[in-house]
Amino acid sequence: MHAPALLTLDQLARLVPALHSRGYQVVGPTVRDGAIVYDVLEGISDLPVGWTDEQEAGRYRLRRRNDDALFGYVVGPQSWKKYVHPAEVRLLTAERSGHTFRILNNDPSPPRRAFLGVRACELAAIAVQDRVLQGDRYRDPIYAARREGIFIVAVNCTQAAPTCFCTSMGTGPRVRGAYDLALTELVGPGKHEFVIEAGSDAGAEVLAELAPSAPSEAVCQEAEAAVERAASQIQRRMDTTGIRDLLYTNFDHPRWDNVAQRCLTCANCTMVCPTCFCTTVEDVSDVTGMHAERWRKWDSCFTQNFSYIHGGNIRSSAKSRYRQWMTHKLASWIDQFGSSGCVGCGRCITWCPVGIDITEEVRAIRESPASSKESSHGNP
Amino acid sequence: MTMATATTTDPMLPQPYSVRQVVKETADTFTLTLEPSNGAGGNRFQPGQFSMLWVFGVGELPISISGDPAERNRLAYTVRSVGQATHALVSREVGGAVGVRGPFGTGWPVEKAEGRDVLVVAGGIGLAPLRPVIYEVLHHREKYGRLVVLYGARSPRELLYRKELAAWARQHETQVLSTVDYGGLSWRGQVGVVTTLFKYARLQPERSLAFACGPEIMMRFVARDLETRGLARENIYLSMERNMKCALGFCGHCQYGPHFICKDGPIFRYDQMRPLLEKYEL
């Protein structure tokens, strides 16, 4: 493994040009429209310098910090799936030719990207999407092309939001593996520096160019303590013991009716979730009828026609749609892909307009499990 | 895998096929026979598999293959016109283009049926994905025991493949029975749901394999009744249906409990499906 190194703010500022010179487009957090979103960065000054976020169930606000921290916030409404599994992507362009058609597939390949500021829960989310979109029976070539060769600069969280529960899901706040570089920011009166570790040869090569110094033992311990502090700030918990069977056996739990009274089926939770992968396909054609395109777009199991087959929608009630989402995320995902679909980032809690909290819903079911009576729909 | 091969083998890109024949089965149901437009060999399939059929500029649908697996280079699909895309599909003229992806999914386990009696239970257009099984058994008659086809439709006018039903019934060791919900004055056959035919089926339940396809509620009762008549749960297979956009396990639409109907199914063993069939709005 590579030894930790120390960077000053000025030395870190060379990271973005160093990535640019290697042909990467650098994307990362930046402030826009009152939120921290992911976009193209020209330098570290594009980061949310001196900003933090306040998050609670159904609430998100930006607030000024009393320092110039670059990473003094947690995760916003967007996730890296914006780049690897985009909200809209063209599957094909076709044109009529005589009695048949030709597929024209000449979309430019996506840019080589460097992700700057990937949190531990987000690294876990990328690993989950890898299993879904390129690790199972079929491989999604669109995802694979965008995913391949990404340079990942991870950031250890040194503070947590009230909505965070990565410690319950075993994903954070410390980043583990699967990065090229990992930063821990140390900021205080008269001090602004970064402990940085390379996780790959490519990372080590970039790091060498930044001319880091060797950190003292005390600085390394300070960085450790900062991550520990984030872990200790985390208040939300989800008990995942036997959670698959818990949800499978509580298909008829009265709590689903309770949550359906609050759920607006707006699909916000699925849009902000870094692992939700469902899509639909839309066909378009021009007025001449000679050109057609097929577009893949994010879809949500909260929409009514998601489950449409001839004769009607399978999941017509809000109850059944919330249950599908949560049961898939926490239970059937394990059967399908060998891990939970939840990484504990808390986005679904923050961005739910009515503040539904997935950890609270699990707790409610766990604390009063349904009787072992057979389903209410009486098939012997 | 390199980027280049990833593009050329993109499973989301349809291959152009052209319509060779359109047969009107009922007022709203048609069988289309397709051949590859580029003269290349068509894809082989297993009975029970499906394709994604795309109509240029309109939409794409999962449709079971209803043709003969022995006929190379031709794929037949029986489609009921119920919406925009199915209407566009059945309105194709001979020579017209259809995009094909697939075949996808699991097939009926016909090898497991060798040496056994084969019971086919179909409801409505559910006979379409079962027709390849019937062809398979009749092509290799010596490999199988008795073939019993039990078919239920809403009315006599909605029975598919009527001439073939009569022809199959004349085959050696083969029994074909149909029933309808509403008979009308000229109907001389059975009236009632398809399970009412079970008492006429001449086969040995303990050495039979059953393949069923139809509305979910029908399959639930078919499987339950077959079990009471002595078929083991492991010997009953069902073909399930859910919304599908990709057929590759990426779009998420076809999830049924832990299963993706597209890649884990559409054919499932009853003992896998039984706990799920009981769940409303799963």
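Expressed to the nearest 5 percent, the antiparallel share of DSSP beta bridges inside chain B is 60 percent. Mean residue ellipticity at 222 nm, helices only, the protein assembly as shown: -7000 deg cm²/dmol; runs of at least 4 DSSP H residues each add -39,500 (n - 2.57), and the sum is divided by the number of residues. With a ≥ b ≥ c taken as the square roots of the eigenvalues of the C-alpha gyration tensor of the range B:172-228, please select rounded if a/c is under 1.5 and otherwise prolate if a/b is larger than b/c or oblate if it is not? Oblate, because a/c is 1.5 or more while a/b does not exceed b/c.
In terms of its C-alpha gyration tensor, chain A comes out oblate, because a/c is 1.5 or above while a/b does not outweigh b/c.
Taking a sphere under 9 Å around the Cβ of A:Thr93 and counting the other residues whose Cβ falls inside, with K and R at +1 and D and E at -1, yields a net charge of -1.
Charge dipole (Cα centre; +1 on Lys/Arg Cβ, -1 on Asp/Glu Cβ; no other charges) of the range B:111-277 amounts to roughly 300 debye. Antiparallel beta bridges, as assigned by DSSP with both residues in the protein assembly as shown, represent about 70 percent of the total such bridges. Note on B:Lys112: lysines with a C-alpha under 30 Å away, same-chain residues under 8 apart excluded, are B:Lys143, B:Lys163, B:Lys199, B:Lys263, B:Lys279. Between the exposed loop cleavage positions of chain A, defined as GluC sites (Glu not before Pro) in a non-H, G, I, E, B DSSP state with at most 15 neighbouring beta-carbon atoms within 10 angstrom, the longest gap is A:149-373. The charge dipole of the range B:17-160, taken about its Cα centre with unit charges on the Cβ atoms of Lys, Arg (+1), Asp and Glu (-1) only, comes to about 80 debye.
With point charges of +1 on the Cβ of Lys and Arg and -1 on the Cβ of Asp and Glu, referenced to the Cα centre of chain B, which listed residue (B:Val19, B:Thr31, B:Leu226) lies farthest in the positive direction of the dipole? It is B:Leu226. For the range B:28-118, the list of trypsin sites (Lys or Arg not before Pro) that fall in a loop by DSSP and count at most 14 other C-beta atoms within 10 angstrom reads B:Arg44, B:Arg72.
For the peptide A:253-264, the mean number of other protein chain Cβ atoms found within 10 angstrom of a residue's Cβ is 0. Given points 7 Å out from each Cα along the Cα-Cβ axis, report the B:Ser186 to B:Tyr200 separation in nanometres with one decimal. Each label point lies 7 Å from its Cα, and together they span 2.0 nm. A simple charge model with +1 on the Cβ of Lys and Arg, -1 on the Cβ of Asp and Glu and nothing else charged puts the dipole of the protein assembly as shown at about 2180 debye relative to its Cα centre.
Fewest Cβ neighbours within 10 Å first, please rank A:Asp357, A:Asp10 accordingly.
Values: A:Asp357 22, A:Asp10 10.
Ascending number of Cβ neighbours within 10 Å: A:Asp10, A:Asp357.
Once you order the gyration tensor axes a ≥ b ≥ c over the Cα atoms, which shape class does the range B:1-159 get: rounded for a/c under 1.5, otherwise prolate or oblate by comparing a/b with b/c? Because a/c hits 1.5 or more and a/b fails to exceed b/c, the range B:1-159 counts as oblate. Can you find, among A:Gly346, A:Gly28, A:Ile314, the residue farthest towards the positive end of the dipole of the protein assembly as shown? Put +1 on the C-beta of Lys and Arg, -1 on that of Asp and Glu. Comparing the listed Cα positions along the dipole, A:Ile314 ranks first. Can you find, among A:His328, A:Val16, A:Cys164, the residue farthest towards the positive end of the dipole of chain A? Put +1 on the C-beta of Lys and Arg, -1 on that of Asp and Glu. Farthest towards the positive end: A:His328.
Within the listed set A:Pro173, A:Pro110, A:Pro162, the residue fluctuating most in the Gaussian network model of chain A (springs between alpha-carbon atoms under 10 angstrom) is A:Pro110.
Values quoted throughout were computed directly from the atomic coordinates according to the rules given, and no laboratory measurement underlies them. In this text, all values refer to a predicted model and were calculated from it rather than measured experimentally. Note that each Cβ is placed from the backbone with ideal geometry, even for glycine, and that neighbours are counted across all protein chains shown.
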